[in-house]
Amino acid sequence: MQPRTVDPTDARVLERNYDYAQRNVRLLSMWYECDLERMVELLAENDISLSANDERLFGSYYRSVKRRSGSSA
């Protein structure tokens, strides 16, 4: 039996991993080996709410990505 392939950008997987990373975008971006901006974009595009700390740091960029992608705020 082959192990199931998991898409790390799938909304459910991404949200679970954000929780595992203690809802910290910096830590999650290191885990995913991508830059902070891309990580914030992935969270916004998948409608995954930021932690209070990440909201303070990245909230304006997160909201601008959500507006561009047509997601509700």
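The values are calculated or read from the model by the stated rules, or taken from the named source; none is laboratory data. Because the structure is predicted, anything quoted here is derived from the model rather than measured. Neighbour counts run over all protein chains shown; Cβ positions are idealised from the backbone, glycine included. Side chains included, ligands, DNA and RNA excluded: accessible areas come from the protein's heavy atoms. Shrake-Rupley method; radii C 1.70, N 1.55, O 1.52, S 1.80 Å.
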For this session: Give me the percent of the accessible area of the range 11-71 that comes from carbon and sulfur atoms, probe 1.4 Å, all protein chains in place.
Result: 46 percent
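Given charges of +1 on the Cβ of Lys and Arg and -1 on the Cβ of Asp and Glu, with all other atoms neutral, how large is the dipole of the chain about its Cα centre, in debye to the nearest 20? Could the numbers behind the result be given before it?
Details: 11 positive and 12 negative charges, 36 e Å.
With only Lys, Arg, Asp and Glu charged at Cβ, the dipole is about 180 debye.
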For this session: Under a 10 Å cutoff between Cα atoms, tell me which one of 60, 51, 29 has the largest fluctuation in the Gaussian network model of the chain.
Result: 60
Seminar exercise, completed: Here, residue 61 and residue 7, labelled 7 Å along Cα→Cβ, have an inter-label distance in nm of 2.4 nm
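Would you mind calculating the gained length between residue 52 and residue 33 on full extension (0.36 nm times residue separation, minus the Cα-Cα distance), in nm to one decimal?
Working: separation 19, 0.36 × 19 = 6.84 nm, distance 2.29 nm.
Computed gain between residue 52 and residue 33 is 4.6 nm.
At 1.4 Å probe radius, can you tell me the per residue accessible area of the chain in Å²?
Values: 5090 Å² over 73 residues.
Each residue of the chain exposes 70 Å² on average to a 1.4 Å probe.
Please give the contour-minus-distance gain from residue 69 to residue 15: 0.36 nm per residue of separation, less the Cα-Cα distance, rounded to one decimal in nm. Walk me through the numbers before you get to the answer.
Working: separation 54, 0.36 × 54 = 19.44 nm, distance 1.81 nm.
Here the segment from residue 69 to residue 15 would lengthen by 17.6 nm.
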